[in-house]
Structures are given as structure tokens and as C-alpha cells.
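Let me begin by presenting the structure, written as C-alpha cells, before commenting on it.
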Amino acid sequence: MMTLYSGTTCPFSQRCRIVLYEKGMDFQITDVDLFNKPEDLAVMNPYNRVPVLVERDLVLYESNIINEYIDDRFPHPQLMPADPVMRARARLFLYRFENELFCHIDTLEKGNAKTVEKARQIIRDNLTVIAPVFTKQKYMLGEEFSMLDVAIAPLLWRLEHYGIELPRQAAPLAKYAERLFSRPAFIDAMTPSEKVMRK
């Protein structure tokens with residue numbers, strides 16, 4: 001059985017929980033207190049961070065790597081595109097999400113007023129740029145829910161929590177976010193600490 005070591009408020013862990021619930025398979029989630037990490041976490045992940053996935057002798061860390069492994073191992077429903085070209089595009093998007101959006105999460109959670117405001121601004125601007133996509137399609141890659149939707153959902157859920165207000169022209173993105181939040185797997189994957197992040 002797979003065991004996911006997951007932070008109860010960690011957006012990267014939330015991604016992995018969403019994928020596990022989307023797949024509807026047997027797994028175990030071990031909650032990790034981010035302020036008092038167990039010693040074996042540093043043994044499993046040299047960066048001493050969650051999420052970490054353990055299956056027999058396999059130990060994986062980094063949410064996108066974990067999620068691709070789960071997707072390969074349990075192909076239904078498939079979350080990464082089957083076509084190599086689309087797959088490569090999807091990976092590029094995931095890479096951009098990390099470098100343009102998720103790299104600011106540490107600042108939002110631990111920065112000073114000035115750096116936090118700058119991080120909010122960058123995320124707000126980057127999200128506003130992608131908003132028009134959702135006037136034409138339901139999800140990031142079209143009509144099908146995919147790994148890209150999984151990857152961005154935890155950030156969209158935390159916008160209010162991080163004090164990020166989207167402008168009116170980002171309305172299609174807000175509607176898209178509601179579609180993600182209403183998925184049963186998204187709801188089931190949430191921890192009590194995450195549930196209270198939004199009114």
C-alpha cells in the first residue's frame with residue numbers, strides 16, 4: 001500500500017492527496033506536523049519537506065514527480081495526456097506553475113509585509129493572464145480534468161487565505177476554481193485546516 005506523508009496545510013501535499021482520491025485506490029495518509037517534523041522525514045527526503053510517497057522500497061518526493069508516478073501506476077482516470085506532444089506541453093505548464101506561481105508560497109507564508117505584497121501582486125498578475133482561457137474551456141487542457149488542474153487547485157483554494165484578490169477580468173478563473181472545488185475528490189482530499197482557509 002502507498003503511504004503519503006502529507007502536511008495538513010501544505011499546498012504541495014494537497015496536490016498529491018487530490019490525485020490519490022481522484023484515483024479512488026487504497027492508500028494511507030500520514031499527517032506531518034510542519035512545525036515539529038518527525039526525524040525520519042529528513043531520512044526519506046534530503047530536503048526535509050513534505051509530501052513524501054512511500055511504496056515498499058520506493059521513496060519519492062516533489063509533488064509533480066509523485067503525482068506522475070501515481071498516474072502511471074494507476075492509469076484510470078488518466079490525468080496526464082496520453083499523447084507525447086501534449087504530455088510534454090503539460091510538463092512545461094507544470095514547470096511554469098512552479099516558477100511563476102508556487103515559488104512565491106514560501107514568501108507568502110514567511111515573508112515580511114513588503115515581500116508578501118510583491119508576491120501577491122505577481123501571483124495576481126499571472127493568474128489574471130490565464131483567466132481568458134476559461135471563457136472557452138472547462139479545464140486547463142480543454143474539456144478533461146488533468147494534472148494541470150490538480151497542480152493549480154491548492155493555490156486557487158488559498159487565494160483568500162493569502163490575501164490575494166483577483167480583478168474583475170479574472171472572473172472566468174474564479175468560475176473555473178469553483179468547478180475544481182466541487183469535485184468529490186477535491187472535497188475528500190481536504191484536511192480540516194484547509195477547509196477553514198476559505199469562507
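No value in this document is a laboratory result; all are computed from the given coordinates. None of the values given here were measured: they were computed from a predicted structure. As a convention, Cβ positions derive from the backbone with ideal geometry for all residues, glycine included, and neighbour counts pool all protein chains shown.
List the lysines whose Cα lies under 18 Å from the Cα of residue 110, skipping any in the same chain that are fewer than 8 positions away.
List returned: 37, 118.
Lysines near residue 175 by alpha-carbon distance under 22 Å, same-chain residues fewer than 8 away left out - which ones?
136, 138, 195, 199
Would you please calculate the Kirkwood hydrodynamic radius of the range 115-178 over all C-alpha pairs and express it in Å, rounded to one decimal?
Values: mean 1/r = 0.0827 Å⁻¹.
Kirkwood hydrodynamic radius for the range 115-178: 12.1 Å.
Based on alpha-carbon centroids, what's the gap between the range 1-76 and the range 106-184 in Å, whole number please?
Spelled out, the Cα-based centre of one part sits 23 Å from the other.
Can you sort 199, 37, 114 from fewest to most other Cβ atoms within 10 Å of each residue's own Cβ?
Numbers: 199 4, 37 15, 114 8.
Least to most surrounded, the residues fall as 199, 114, 37.
Identify, among 180, 90, 167, the residue whose Cα sits farthest towards the positive end of the charge dipole of the range 84-183, taking +1 on the Cβ of Lys and Arg and -1 on the Cβ of Asp and Glu, with the dipole about the Cα centre.
Going by the Cα projections, it comes out as 90.
Which ordering of 133, 150, 52 is given by a fewest-first count of other beta-carbon atoms within 10 Å? Could the numbers behind the result be given before it?
Working: 133 15, 150 28, 52 25.
Ranking 133, 150, 52 by Cβ neighbours within 10 Å, fewest first, gives 133, 52, 150.
Tell me the Kirkwood radius of the range 79-193: reciprocal of the mean inverse pair distance over distinct alpha-carbon atoms, in Å. Before the final figure, lay out each step's value.
Working: mean 1/r = 0.0670 Å⁻¹.
Taking every pair of different Cα atoms in the range 79-193, averaging 1/r and inverting gives 14.9 Å.
Would you kindly state the longest site-free stretch of the chain, with sites defined as chymotrypsin sites (Phe, Trp or Tyr not before Pro) in a DSSP loop (not H, G, I, E, B) surrounded by at most 15 other Cβ atoms within 10 Å? Please list the in-between numbers first.
On the way: sites that count: 35, 47.
With a cap of 15 other Cβ atoms within 10 Å, the longest stretch comes to 48-199.
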